[in-house]
Each structure stands twice: as structure tokens, then as C-alpha cells.
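Below: the structure, in C-alpha cells.
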Amino acid sequence: MTTPPGSRPRMLVAGVGNIFLADDAFGPHVVRALASRPLPAAVRVRDFGIRGLDLAYELLDGYDTAVLVDAAPRGHRPGTLSLIEPDPPDATTAAAAPPEAHGMDPAKVLALAAHLGDGPLPRVLVLACEPDVLPRADEDIMPGLSGPVGAAVDRAVRALHTIVPVLLADPAATPSLGRPDESAPPHTAALPLPAAGTAQDR
């Protein structure tokens, strides 16, 4: 993904997750799939893996919005996509943020970014996928996505092509996932995005 000379990306799409821990690799797989279906030039797409400190610094680089693509267990059917807007970290949480060089807990990354910077953070959304197989970090490596999560990669790419133009036009907008996959089961149909800290699922 390239940005025209003399201009800066206005939006960040960040894939996060451990490629050796089964469905935790969802974010990196989505970023890889975006290489053949690029987003607009005003968007920077990058795979951060488990480099939480790198992502924290990247969030301080003047973006209007950022979308983190991640696997997140929320009690839904495996492969379900959710669009979540986490609450921004408060001053106490930001001050206590440990300077972890590795690890990718989005809440800790946001707190660390707030701790490192002296300006406002971009608006952050999380495009989350319900995992089917999510081993602990201390277990043996388990590369490769499960079937339901692998099938959700293309839906996530389509979802990003739906919500990114909305956010570029208005960073404060309430985007909908739309219906990137008409074969999705009815219980995962798109819903309006509720208030911060909650989510819509599909």
C-alpha cells in the first residue's frame, strides 16, 4: 500500500496476532489478503504481529482513525465478525501502562499509546473475529487458521472495503459492516454500531 508523495495516511488498518497460535493469526491473514484487494491510498495497512510497542507508537503518528483486526473470544459462533469501539484509556490507566515490547492486548496497547504521547489518539475500532481454536501462548505452536476463521478472512476484507470509505469521509461516523457475505447466517446480520465499549456482530 503506497501513499501519494507529499501526503500522509489518514487511517491505519493494523493486523495483530500471533501467526503461530492458530486463530490468533486472523489479523495478519486479513492484512495479507488485502495485498490483492488494496484499500484507498489514504489508508496505511500493516501487520504488527505481536509488536505492541510498535503499534502504540504508530497510533501516535497523526491518524484520524485506526482499525485493529484481531481474533477476540466474545461468546459467538466461530467466524462471527464484530465491530467494536473500545473505551479510550483514562489517565490513570495510561499512567500505569507497562512498557511491554511484545504482547498485543489492544486495551494495553491503547493505554501505552496514551502514556507515550501528549496528544489525542485516533479513534480506534476493532474488527474482531470469534476464534474456534485459540491456544495459550505457553502451549506448542499451532500454525494455521481453523475452518470457520479461515472462511471469515474474505468476509473481513469485504467488511473493510465497506467501512473504510465511510470512516475516510467522516472519522466520527458510525459504520456498518454491511453484508459483505450474503451467505452469512441470519443471526450475524449487521446491526448499527452501539455506543463506545459495545459492538455490532455479523
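The values are calculated or read from the model by the stated rules, or taken from the named source; none is laboratory data. Predicted, not measured: the structure shown is a model, and the values here were computed from it. As a convention, Cβ positions derive from the backbone with ideal geometry for all residues, glycine included, and neighbour counts pool all protein chains shown. To get the accessible areas, we keep the full protein, side chains included, count just its heavy atoms, and leave off ligands, DNA and RNA. Shrake-Rupley method; radii C 1.70, N 1.55, O 1.52, S 1.80 Å.
Things to note:
- Length gained when the stretch Asp105-Ile141 is fully extended (0.36 nm per residue, less Cα-Cα span): 11.1 nm
- For the stretch 103-153, the list of trypsin sites (Lys or Arg not before Pro) that fall in a loop by DSSP and count at most 11 other C-beta atoms within 10 angstrom reads Arg136.
- Put Arg32, Arg74 in order of accessible area, highest first, and with a 1.4 Å probe you get Arg32, Arg74.
- Ser36 exposes around 100 Å² of accessible area when a 1.4 Å probe is run over every protein chain in place.
- For Phe48, Phe20, the ranking by accessible surface with the largest value first comes to Phe20, Phe48, using a 1.4 Å probe.
- By a 1.4 Å probe calculation restricted to protein chains, Thr174 has an accessible surface near 90 Å², given to the nearest 10.
- Using a Förster distance of 22 Å, the FRET efficiency for Ala172-Ala33 (Cβ separation, nearest 0.05): 0.20
- Residue-span extension gain [Asp154 to Leu60] - 0.36 nm each, minus C-alpha spacing: 30.9 nm
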